[in-house]
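Notes follow the structure.
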Amino acid sequence: MSAKTLFEKIWEKHIVKQIEDGPAVLYIDKHFIHEVTSPQAFKGLEQRGLKVLRPQQVVATADHNVPTLNQHLPIRDELSRKQVQQLIKNCAKHDIELYGLGHPFQGIVHVIGPELGITQPGMTIVCGDSHTSTHGAFGAIAFGIGTSEVEMVLATQCLMQSKPRLMRINVEGQLNKGVVSKDIILYIISQISASGATGYFVEYAGSAIRSLSMEARMTICNMSIEMGARGGMIAPDQVTFDYLKGRLFAPGNSLWDKKVEAWKQLYTDEGAKFDKEIFIDAAKIEPMITYGTNPGMGIGVNGTIPKESEIDEKEKPSFLKSLNYMGLEPGTKIKGKKVDYVFIGSCTNSRIEDLRMVASFVKGKKKAKDVEVWIVPGSKQVESQAREEGIDKIFAEAGFQLRQPGCSACLGMNEDKIPAGKYCISTSNRNFEGRQGPNARTFLASPLTAAVAAITGEVADVREWL
Amino acid sequence: MSKAINIVKSTAVPLNIENIDTDQIIPARFLKATSREGFGKNLFRDWRYINDDENQPKKDFVLNNPSYKGKILVVARNFGCGSSREHAAWAIKDYGFDVVVSSFFADIFKNNALNNFLLPVTVSEDFLQKLFAAIESDPNTEIEVSLENQSIRFNGNEEKFEINSYKKTCLLNGYDDIDYLLSMKHEIEAFEESRP
């Protein structure tokens, strides 16, 4: 038998049919839905007179649109309220489990799937959301889809998909002090660009990846889409099994050993072929920050924004447009730049480990006077855990606001918008123009780098504080 | 109305900016609708208007330039990156475009476009730059895209483009993937039963 990649082992087990010179009909194990990209899919089903084929394989939550203050009150924005109500109606009508507002499991779809043990190795997982790649951290094929595809999966539990090309990114060696998983992925994207993995599915491997916790692995897989990759994945290992064991929807005792045995076969065989392979030296990675309007525009926090002369002629207009939007000059340093807002949250960095990391750094410190700091936990469970551990008190003493779960200022669909012209250091995944609010300016960074900015009021190097 | 698409002959609208993400195509605040219609008026909303005000169009933005119109949108590389929102494809189609030409499309956008009978045509970087130059020097330049022949032509230049034969058949005939999948109901059930 020929050597296979992790991706191929899972892909092949889910092919219902391969169409000649066309896509495969791929079977989907788990389908997550949320209020923003599902209503038109349900409408489409109804127009065709169809039911949801396998409602027990679908899980819903409300996250994109929800307020992060006073969630017990009706949503003030009429359109958001209608969209959330539509989700409630659709789930009730089609017998889909909904962890909506007020439910103890509510939260960002890519946070709750893993923490409930719904996400498991070897699965195919989709959601109408590009950050579905997060679930790949468990050794699953997980990727974002459009609403027409949401409709297909609801109706048939299958999708038409062409097999992507495969890339392996090996990160070897030891990480430096102050460098965390967010820095690894921002570094990779800065090296290969925001389109460097388009057309590929990525496997992350190497000793630096193996050394990471599940939360940290999720942060890396989460941002695969920011270099164009459809998804990212990491082979499951003892860290994965330990994380999953005992979680609500993880296999129970009687099945557990059998499942783990099967999951242990999910790795890339020696000699398996990738279409592209990249090697990264972990020791070269510094705490990272972005200066532009795509996630590939990142530098070490002590670094200098490229000079105009260093940019390819063809890329110059986009580069200058981007810096003009950001109010930054080519060839200048970003360290010391004043920030107005700090946002710690999103499906990239809102898990309990992220909150613990921030809390352990800010304990006993106070935020800078003119900075507003929003901490938005990824789920109700993360929020309660933070309170249980007393992290809420550390934040309160520092002057940080601990809010309620949702996507929040990552995309500003609710009221959490960064005002025009203001600078926000954000642990989210996208620094696009207008992403956090019309004309808002975003610096992407790790929770640690965001935490130090909250204390100093400017972009700073966390290594000087450790 | 048939959704099928084959030959599109039209002038084009050029937007020569790289890495245009779907947040620019349709900003998140317009994703609160529960139907697929009406997104065209908010296409490139924040690049089109000053302070979100429809009475203050940004004069230097191409959609506000009356010289440029047509059913073909020509864009620089890595178009449609970022969020998976299908609303981006809906907005472009609803605005009146049937074809988007670029040297490189983001994956999810490309699938979303195909599922909405918006034809993504991938050309070489060289051809794309020639096309931009031609449209910019003469906005009346006519471009002909033929799905049947998998070709794009203007001013005597021609290039072939790739599309898998399954998708081509769907677009030429107005078939949805979902129709195909529904026809496989028994195979899907048999597959489910065969799994351990």
Q | Anchor B:Lys160: lysines whose Cα lies under 22 Å away (excluding residues fewer than 8 positions away in-chain) | A | B:Lys9, B:Lys71, B:Lys110, B:Lys130, B:Lys168
**Q.** Under 5 Å, built H, 5+ apart or other chain: amide partners of A:Met123
**A.** A:Ile141
(Q) Could you tell me the relative contact order of segment B:40-195? Use alpha-carbon pairs under 8 Å, at least six residues apart, and round to a whole percent. (A) 15 percent
(Q) Suppose every Lys and Arg Cβ carries +1 and every Asp and Glu Cβ carries -1, with no other charges. What dipole size does segment A:1-113 come out with about its Cα centre, to the nearest 20 debye? (A) 240 debye
Q: Please get the size of the charge dipole for chain A, origin at its Cα centre, with Cβ charges of +1 on Lys and Arg and -1 on Asp and Glu, quoted in debye to the nearest 20.
A: 520 debye
Q. What does the charge count near A:His135 come to, summing +1 for each Lys or Arg and -1 for each Asp or Glu among other residues with Cβ under 12 Å from its Cβ?
A. -1
Q: Below 24 Å Cα-Cα, how many Lys pairs turn up in segment A:1-97? Only count pairs eight or more apart in sequence, or on different chains, if you could.
A: 20
**Q.** Length-normalised contact order for segment A:365-429 - Cα pairs under 8 Å, 6+ apart - percent
**A.** 33 percent
Q) Tell me, what is the FRET efficiency for A:Thr304 and A:Asp370 to the nearest 0.05, using R0 = 30 angstrom and their Cβ-Cβ distance as r? A) 0.70
Q. Karplus couplings for segment A:114-124 from phi (6.51 cos²θ - 1.76 cosθ + 1.60, θ = phi - 60°), rounded to Hz, Gly and Pro as x?
A. x, 5, 8, x, 6, 6, 9, x, x, 7, 9
(Q) I want the local charge near A:Gly102. Using Cβ-Cβ distances under 15 Å, sum +1 for each Lys or Arg and -1 for each Asp or Glu among the other residues. (A) -2
Q: With a/c under 1.5 counting as rounded, go ahead and sort segment B:33-165 into rounded, prolate or oblate using the C-alpha gyration tensor (a ≥ b ≥ c being the square roots of the eigenvalues; past the cut-off, prolate if a/b is larger than b/c, else oblate).
A: oblate
Q.
Under 15 Å between alpha carbons: how many lysine pairs meet that in segment A:333-421, if sequence neighbours fewer than 8 apart on the same chain are excluded?
A. 6
Q: For the protein assembly as shown, just say rounded, prolate or oblate: build the C-alpha gyration tensor, square-root its eigenvalues into a ≥ b ≥ c, call rounded for a/c under 1.5, and beyond that prolate if a/b exceeds b/c, oblate if not.
A: rounded
Q: Mind checking the full-extension length gain between A:Arg210 and A:Asp275? Use 0.36 nm per residue of separation minus the Cα-Cα distance, one decimal, nm.
A: 21.2 nm
Q. Going by alpha carbons, how many degrees (0 to 90, nearest 10) lie between the helix axis of B:125-137 and the longest principal axis of chain B?
A. 40 degrees
Q: Between A:Arg81 and A:Thr332, with labels modelled 7 Å along Cα→Cβ, what's the label distance in nm to one decimal, could you check?
A: 4.4 nm
Q) Which residue, chosen from B:Leu172, B:Cys81, B:Leu182, occupies the Cα position most advanced towards the positive end of the dipole of segment B:63-196, where the dipole is computed from +1 (Lys, Arg) and -1 (Asp, Glu) charges on Cβ about the Cα centre? A) B:Cys81
Q. Helix B:185-194: angle to the longest alpha-carbon principal axis of chain B, degrees 0 to 90, nearest 10?
A. 60 degrees
Q. How much mean residue ellipticity at 222 nm does the protein assembly as shown get from its helices, if each DSSP H run of length 4 or more adds -39500 (n - 2.57) and you divide by all residues, to the nearest 500 deg cm²/dmol?
A. -9000 deg cm²/dmol
**Q.** Shielding by partners - mean other protein chain Cβ count within 10 Å, residues of B:23-30
**A.** 6
**Q.** Relative contact order, percent, segment A:1-65 [alpha-carbon distance under 8 Å, six or more residues apart]
**A.** 31 percent
Q | Loop-exposed GluC sites (Glu not before Pro) per DSSP, neighbour cap 15 Cβ within 10 angstrom, longest uninterrupted part of chain A | A | A:21-269
Q: Work through the residues other than A:Gly336 whose Cβ is under 11 Å from its Cβ and net out their charges, Lys, Arg +1 and Asp, Glu -1.
A: +2
Q: Within 10 Å of each Cβ in peptide A:63-71, how many partner chain Cβ atoms are there on average? Round it to a whole number, please.
A: 1
(Q) What distance in nm lies between label points placed 7 Å from Cα along the C-beta direction at A:Glu20 and A:Lys89? (A) 4.6 nm
**Q.** Compactness of segment B:91-196, expressed as Rg and Dmax over alpha-carbon positions, Å
**A.** 17.7, 63
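Once you sort the root eigenvalues of the Cα gyration tensor of segment A:155-283 as a ≥ b ≥ c, which label holds: rounded (a/c under 1.5), prolate (a/b larger than b/c) or oblate (the other case)? If you can, show how the numbers build up before the last one.
Numbers: a/c = 1.78, a/b = 1.25, b/c = 1.42.
It is oblate, given that a/c is not under 1.5 and a/b is not larger than b/c.
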**Q.** Shielding score for B:79-92, defined as the mean number of other chain Cβ atoms within 10 Å
**A.** 6
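Every read-out reported here was derived from the displayed coordinates using simple, explicitly stated rules and does not represent laboratory data. This structure is a prediction, so every number in the text was calculated from the model and none was measured. Counting neighbours? That spans all protein chains shown, and the Cβs are built from the backbone with ideal geometry, glycine included.
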